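Asker: Attaching a single structure in structure tokens format; questions to follow.
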Amino acid sequence: MKRCFITGVTGQDGSYLAELLLDRGDEVHGIIRRSSSFNTWRIHERFQNQDGQKKFYLHYGDLSDGMNLVRLLREIQPDYIFNLAAQSHVRISFDIPEYTGEVTGLSTLRLLEAIRQAGLADRVRFYQASSSEMFGSAPPPQSEETPFAPRSPYACAKAFSYYITKNYRESYGMFATNGVLFNHESPRRGENFVTRKITLNLARIKYGLSDTLALGNLDARRDWGFARDYMEAAVLMLEHDYPDDFVIATGESHSVRELAEQAARLLDMSIEWNGEGRNEVGRDAKTGKVLIVIDPKYFRPAEVDHLEGDATKAKATLGWSPKTSFQDLIRMMVEHDARECSREAYTKRLQ
Ligand code: NAP
Ligand code: G4F
């Protein structure tokens, strides 16, 4: 049984990771922020009614509060620390660059220092949620050997976190590992990331809950995997004999346009594209109705055009490989969102 400490437990990855660890019989401690709206929906249903077997504990905390982190680590004495907390939205990082640098970058240093202050540097295993966004404009396929070329305040902050994690490994001999994860999605993905935005909003259109979906760059390509598969990799990294840096990816990329077409097909709609640039629209081929429009507010000041990872090292060293295909992932998300929208449409009809 391992005692695990997760920052970002209320997020997509944190909720899958907590489940995986609890299912193995581990004890899980997560930090949650006091926020104006209740933000525990991903973990609320799953872990609230503890059955006596599951050891899940939530503590108030914030990555910007170092003293609190030291106190929590002293009290909890974790074996594993997973640092998943971040301002994780790339587009939004251009609006709040300083805040993103503080939370997504500097806070990793704060947590690593808290580990030292709590006297845990010799025994704790630390996982840093690094990101394929750090590769930025570097051409695909990207692997552990690819030099970083970050294109956003978010990616720059993640690069700082990556290097400081490596630095604490080299300077203090800490077991500190970077998981450099390519995009991973699920029905629990935040609604303003492009996969979920598409599956949810096309389902809303299908059930008459909205009219159109506004998107930005349709031609960006991403390597999209399933979040739970990727959290399995995070656990394997901390169970490995030594700390290191690992790329986690499917090795396959698709454009935003292909993603929208695939999601629409699963909802029995077929998209036909007309026009160019900002005037391009996606119409329902059967009815001619406009389903998708372009809104420049979703363009980024600097875009990452093509991410496609090479996870050969993780496969060879950790024995990890993705279990879920792109098609199955999008199907899972569309089915989830269609169910939710159908229920909402039914309730509206009754009112
Ligand atoms: P997410 O759903 O946006 O979750 C982010 C988490 O960080 C939330 O639990 C959030 O808490 C927490 N958080 C934000 N600021 C905090 C602060 N100041 N103090 C404490 N907690 C704070 O992100 P995700 O998709 O699960 O990703 C997890 C991590 O992996 C992130 O670091 C992300 O940058 C990185 N990553 C993600 C991907 C991906 O494709 N998903 C790929 C590579 C790397 P609240 O609920 O209170 O907001
Ligand atoms: O879904 P996205 O916002 O994800 P992005 O920027 O790749 O970042 C995600 O993956 C990273 C790993 O590489 C994580 F580190 C990060 O935390 C986050 O989880 O956008 C994907 C692509 C972009 O090229 C974007 O320009 O989709 C394009 N896009 C087109 N229309 C859109 C939209 N993105 C969003 N969010 N919303 C749109 O309307």
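The values are calculated or read from the model by the stated rules, or taken from the named source; none is laboratory data. Since we're looking at a predicted model, the values are computed, not measured. Heads up, the Cβs are rebuilt from the backbone with ideal geometry, glycines too, and the neighbour counts pull from every protein chain shown. Heads up: the accessible areas ignore ligands, DNA and RNA and are worked out on the full protein's heavy atoms, side chains in. Shrake-Rupley method; radii C 1.70, N 1.55, O 1.52, S 1.80 Å.
Asker: Give the number of residues within region 149-203 that are in contact (Cβ under 8 Å) with a residue 60 or more places away in the chain, open to solvent by less than 20 Å² (accessible area, probe 1.4 Å) and of a type in the set (A, V, I, L, M).
Answerer: Looking only at that region, the number is 9.
Asker: To continue, here is another question. Among the strands (runs of 3 or more DSSP E) contained in region 1-91, which hold 2 or more residues that are hydroxyl-bearing (Ser, Thr, Tyr)?
Answerer: Answer list for region 1-91: 55-60.
Asker: Answer with yes or no whether residue 238 is hydrophobic (A, V, I, L, M, F, W, C) and either open to solvent by 50 Å² or more (accessible area, probe 1.4 Å) or within 16 Å of ligand 1 (Cβ to nearest atom) (or both).
Answerer: So residue 238 passes the test.
Asker: Just to be sure before I move on: is residue 317 part of a helix (DSSP H, G or I), hydroxyl-bearing (Ser, Thr, Tyr) and closer than 29 Å to residue 139 by Cα in the structure I sent?
Answerer: In short, yes.
Asker: Looking only at region 92-108, count how many residues are open to solvent by 50 Å² or more (accessible area, probe 1.4 Å) and either within 14 Å of ligand 1 (Cβ to nearest atom) or closer than 19 Å to residue 168 by Cα (or both).
Answerer: Residues flagged as open to solvent by 50 Å² or more (accessible area, probe 1.4 Å) and either within 14 Å of ligand 1 (Cβ to nearest atom) or closer than 19 Å to residue 168 by Cα (or both) within region 92-108 amount to 6.
Asker: Still on this model: Return yes or no: is residue 307 within 16 Å of ligand 2 (Cβ to nearest atom), under 30 Å from residue 242 (Cβ atoms) and either of a type outside the set (Ser, Thr, Tyr) or without any contact (Cβ under 8 Å) to a residue 40 or more places away in the chain (or both)?
Answerer: Here the answer is yes, as residue 307 does meet what is asked.
Asker: Please pick out the residue among 260, 264, 214 that is closer than 24 Å to residue 88 by Cα, buried (at least 17 other Cβ atoms within 10 Å of the Cβ) and small (Gly, Ala, Ser).
Answerer: 260
Asker: While we're looking at this one, here's another question. Search region 1-16 for residues that are more than 19 Å from residue 124 (Cα to Cα) and pair each with any residue that is modelled with pLDDT of 95 or more and in a helix (DSSP H, G or I) when their beta-carbon atoms are under 6 Å apart and the residues are at least 6 apart or on different chains.
Answerer: 12/227; 13/227; 13/231; 16/227; 16/228; 16/231
Asker: Here are some residues: 194, 180. Which one is β-branched (Val, Ile, Thr), in contact with a helix residue (DSSP H, G or I) (Cβ under 7 Å, 6 or more places away or on another chain) and within 19 Å of residue 17 (Cβ to Cβ)?
Answerer: Sole residue among the options that is β-branched (Val, Ile, Thr), in contact with a helix residue (DSSP H, G or I) (Cβ under 7 Å, 6 or more places away or on another chain) and within 19 Å of residue 17 (Cβ to Cβ): 180.
Asker: Since residue 121 meets every condition but one in (1) free of Cβ contacts under 8 Å to residues at least 60 places away in the same chain; (2) surrounded by 22 or more Cβ atoms within 10 Å (Cβ to Cβ); (3) more than 9 Å from ligand 2 (Cβ to nearest atom), which condition does it not meet?
Answerer: The one condition residue 121 does not meet is (2).
Asker: Please give the number of the condition residue 309 fails out of (1) out of contact with any strand residue (DSSP E or B) (no Cβ under 6 Å at 6 or more places or on another chain); (2) farther than 25 Å from residue 273 by Cα.
Answerer: (1)
Asker: Please indicate, with yes or no, whether at least one residue in region 138-152 is more than 16 Å from the chain's Cα centre (by Cα), within 15 Å of ligand 2 (Cβ to nearest atom) and in a helix (DSSP H, G or I).
Answerer: There is no residue in region 138-152 that is more than 16 Å from the chain's Cα centre (by Cα), within 15 Å of ligand 2 (Cβ to nearest atom) and in a helix (DSSP H, G or I).
Asker: Okay, next question. Can you name the residue in region 170-183 that is more than 16 Å from ligand 1 (Cβ to nearest atom) and not in a helix (DSSP H, G or I) and, of all such residues, is farthest from the chain's Cα centre (by Cα)?
Answerer: The selected residue is 173.
Asker: For region 136-150, which residues satisfy the criterion of being in contact with a Pro (Cβ under 9 Å, 6 or more places away or on another chain) and within 23 Å of residue 102 (Cβ to Cβ)?
Answerer: 136
Asker: As an exercise: evaluate residue 81 against (1) surrounded by fewer than 20 Cβ atoms within 10 Å (Cβ to Cβ); (2) in contact with a Leu (Cβ under 9 Å, 6 or more places away or on another chain) and give the number of the one condition it does not meet.
Answerer: Every condition holds for residue 81 apart from (1).
Asker: Quickly run through region 56-94 and pick out the residues that are farther than 12 Å from residue 9 by Cβ and among the small types (Gly, Ala, Ser).
Answerer: 64, 66, 86, 88, 93
Asker: Okay, next question. Taking region 206-260, which residues are in a helix (DSSP H, G or I), out of contact with any Ser or Thr (no Cβ under 8 Å at 6 or more places or on another chain) and closer than 20 Å to residue 330 by Cα?
Answerer: 206, 230, 231, 232, 256, 257, 258, 260
Asker: Within the bounds of region 154-164, is there any residue that is modelled with pLDDT of 95 or more and assigned to a loop (DSSP other than H, G, I, E, B)?
Answerer: No, region 154-164 contains no residue that is modelled with pLDDT of 95 or more and assigned to a loop (DSSP other than H, G, I, E, B).
Asker: Test of understanding: among 167, 192, which residue is more than 11 Å from ligand 2 (Cβ to nearest atom) and either part of a loop (DSSP other than H, G, I, E, B) or closer than 29 Å to residue 4 by Cβ (or both)?
Answerer: Only one candidate passes the filter, namely 167.
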